[in-house]
There are 2 protein chains.
Amino acid sequence: MSQTPQGICCPAPRPVPVEGPPAAGTGGRYTISEVAERTGLSAHTLRWYERIGLMPHINRSHTGQRRFSDRDLVWLDLVGKLRMTGMSVADMVRYAELVRAGDHTYPERRRLLAATREDVLRRIDELRGTLAVLDVKIAHYTGNEDTPAVSEEAATS
Amino acid sequence: MSQTPQGICCPAPRPVPVEGPPAAGTGGRYTISEVAERTGLSAHTLRWYERIGLMPHINRSHTGQRRFSDRDLVWLDLVGKLRMTGMSVADMVRYAELVRAGDHTYPERRRLLAATREDVLRRIDELRGTLAVLDVKIAHYTGNEDTPAVSEEAATS
DNA sequence: TAGAAGGTTGGAGTGCACTCCAGGCAAGTC
DNA sequence: GACTTGCCTGGAGTGCACTCCAACCTTCTA
């Protein structure tokens, strides 16, 4: 959930069998390419999300093609938000499993999201810190467009 | 520099021959493990950073071991900040090359950092957006610790 | 009837940022 | 002299999150 000083990137996933609650029966029926366009995810990624258990069961047409519901879109929207927080796909799959498991998982879901929230706050703080550094650097370069550098160049610029 | 909806992760690097300005001659002489401890980076990563051109030349002891200077530590601090912004290693190498190339690269360095700054602002905004979503979810789970779920469960929780 | 468009699958491939490994060297301690 | 510690190198391996491929199926339009 949190990030080590070096590994600025990401934790450990694992493929998970899809076996959730009954899929939605509400709203429009979108093809995979329509959903790709709406969400900005590729069709590849949408299939992959389903395969690893990050989606609830997706309905199929009589020819076996995926037909996404409005509910699926809402879910994908949440997934997109969670991705933005830096949450790993593995953790999102874990969350999806909790949702499928039923209401008794509320406390754990809350815990997962609360931890994510803490992460986000930390990240915002970090980013604000980098902003300060960037501003100093940019001001330095702006004020010295053509003047010779001072001392610490290799280290400080 | 910016991130696509899907590729939340990262751009393209390339190995770059180290051939920068004369290395620092100031300050303490730290071994690689000392620097690893101070920066939180692994010794592996420090060697790798040097190899790809992300470090200025690092001095060596008479036996060929790296001896990092205070200036190197300052540089690593900046690199750490840039990593936090989400800047790719490839872009950081590019920046390091500009620093090595001399003062006439000030405008481009400024441009690079200004673009990074914009990215950071965008990311902070995104994170704030996710915070709002998380808060709604967490409040929902907190208020319904044991009560049955409502309708949209698979999609909204 | 042909061809194009859009979908299906499992499995392999990609790019990034590390991370580890084998084999070796130098200095210090018992 | 043996052992330990800490460092060196080039190159291979890892984990994540996609991304692509080949072979195939349906549906639709010309």
TODO: Check segment A:135-147 and report whether any residue there is assigned to a loop (DSSP other than H, G, I, E, B), at pLDDT below 95, of a type outside the set (Asp, Glu) and within 30 Å of B:HIS57 (Cβ to Cβ).
DONE: yes
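Quick check on this structure: which one of A:ARG100, A:ARG66 is of a type in the set (Lys, Arg), touching a Gly at 6+ places or on another chain (Cβ under 6 Å) and closer than 19 Å to A:ARG47 by Cα?
Details: A:ARG66 fails: touching a Gly at 6+ places or on another chain (Cβ under 6 Å).
Within the list A:ARG100, A:ARG66, the selection yields A:ARG100.
State all residues of segment B:56-72 that are in contact with a strand residue (DSSP E or B) (Cβ under 9 Å, 6 or more places away or on another chain) and buried (at least 19 other Cβ atoms within 10 Å of the Cβ); if no residue qualifies, say none. I'd like the intermediate steps shown before the answer.
Residues of segment B:56-72 in contact with a strand residue (DSSP E or B) (Cβ under 9 Å, 6 or more places away or on another chain): B:58-61, B:66-70, B:72.
Matches in segment B:56-72: B:ILE58, B:ARG66, B:PHE68, B:SER69, B:ASP72.
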Task: Checklist (1) more than 7 Å from every other protein chain (Cβ to nearest Cβ); (2) modelled with pLDDT of 95 or more; (3) open to solvent by 30 Å² or more (accessible area, probe 1.4 Å) applied to A:GLY86, failing item - done: (2)
Open item on the list: Pairs please, first residue from segment B:58-81 and within 9 Å of chain A (Cβ to nearest Cβ), second anywhere and of a type in the set (Asp, Glu), Cβ atoms under 9 Å, 6+ apart in sequence or on different chains.
Closed with: B:ARG71/A:GLU152; B:VAL74/A:GLU152; B:LYS81/A:GLU126
Task: Per-region count, segment A:111-126, residues buried (at least 19 other Cβ atoms within 10 Å of the Cβ) and facing chain B (nearest Cβ under 7 Å) - done: 4
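The values are calculated or read from the model by the stated rules, or taken from the named source; none is laboratory data. Just so you know, these numbers come straight off a predicted model, no measurement behind them. Neighbour counts run over all protein chains shown; Cβ positions are idealised from the backbone, glycine included. What goes into the accessible areas is simple: the full protein's heavy atoms, side chains included, and nothing from ligands, DNA or RNA. Shrake-Rupley method; radii C 1.70, N 1.55, O 1.52, S 1.80 Å.
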